[in-house]
1. Would you grab the residues whose amide H sits under 5 Å from the one on A81? Only those 5+ places off in sequence or on another chain, please, with H modelled 1.01 Å from N.
2. Suppose we take every Cα in the stretch 20-68 and form the convex hull; what volume per residue is that in Å³?
3. Modelled label-to-label distance, F105 and D19, 7 Å Cα→beta-carbon offset: nm?
4. What FRET efficiency comes out for the pair E98/K32, r = Cβ-Cβ distance, R0 = 30 Å, nearest 0.05?
5. Evaluate E = 1/(1 + (r/R0)^6) for M78 and K56, where r is the Cβ-Cβ distance and R0 equals 25 Å; express this FRET efficiency to the nearest 0.05.
6. Would you mind getting the Kirkwood hydrodynamic radius of the stretch 19-114 from its Cα pairs, rounded to one decimal in Å?
7. How far is it, in nm, from the label point at E87 to the one at H63 when both lie 7 Å from their Cα along the line to the Cβ?
8. Identify, among C109, V22, I69, the residue whose Cα sits farthest towards the positive end of the charge dipole of the stretch 16-112, taking +1 on the Cβ of Lys and Arg and -1 on the Cβ of Asp and Glu, with the dipole about the Cα centre.
Amino acid sequence: MMGAGKSNRGNGGGAGQEDVVVERRTQTKTKKPSMYKVILLNDDYTPMEFVVELLKVVFHKPHAEATRIMLHVHQNGMGIAGIYPFEIAETKVRTVDELARENQFPLKCTMEKE
Ligand code: TYC
């Protein structure tokens, strides 16, 4: 929030503190980061088990949730693997791309502002 600081200028010219600004905010100019959805895309070749493992290792999902997300993507064409600040989302997308490439699977992953 802006404008919470208050100048004590014009207080009658008392000695010493004419231009002091009293800061009443406990935090100054902090912002919540914009969040980004990391989206997994379905394909016909990447094994289900590979996607589940990736959701566990890269996105820290428990097995049951990883399975649920994988099946959602399989059935709906895409799905959200997780929601993160920009740089973390970017790193997850790159990690998925690298793991897919290393294993020669066509799995694709993108990110989208929440
Ligand atoms: N459709 C794949 C299969 O039948 C499984 C799959 C799920 C692939 C999710 C990609 O993001 C994906 N083996």
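1. V38, I39, L40
2. About 120 Å³ per residue, rounded to a whole number.
3. 6.4
4. Efficiency at R0 = 30 Å is approximately 0.55.
5. It comes out at approximately 0.85.
6. 14.7
7. 3.5
8. V22
Here, each number is a calculation from the coordinates, and none is a lab measurement. Just so we're clear, the structure is a prediction, and the values are computed from it rather than from any experiment. Using ideal geometry, Cβ is built from the backbone for each residue, glycine included, and neighbour counts are taken over all protein chains shown.
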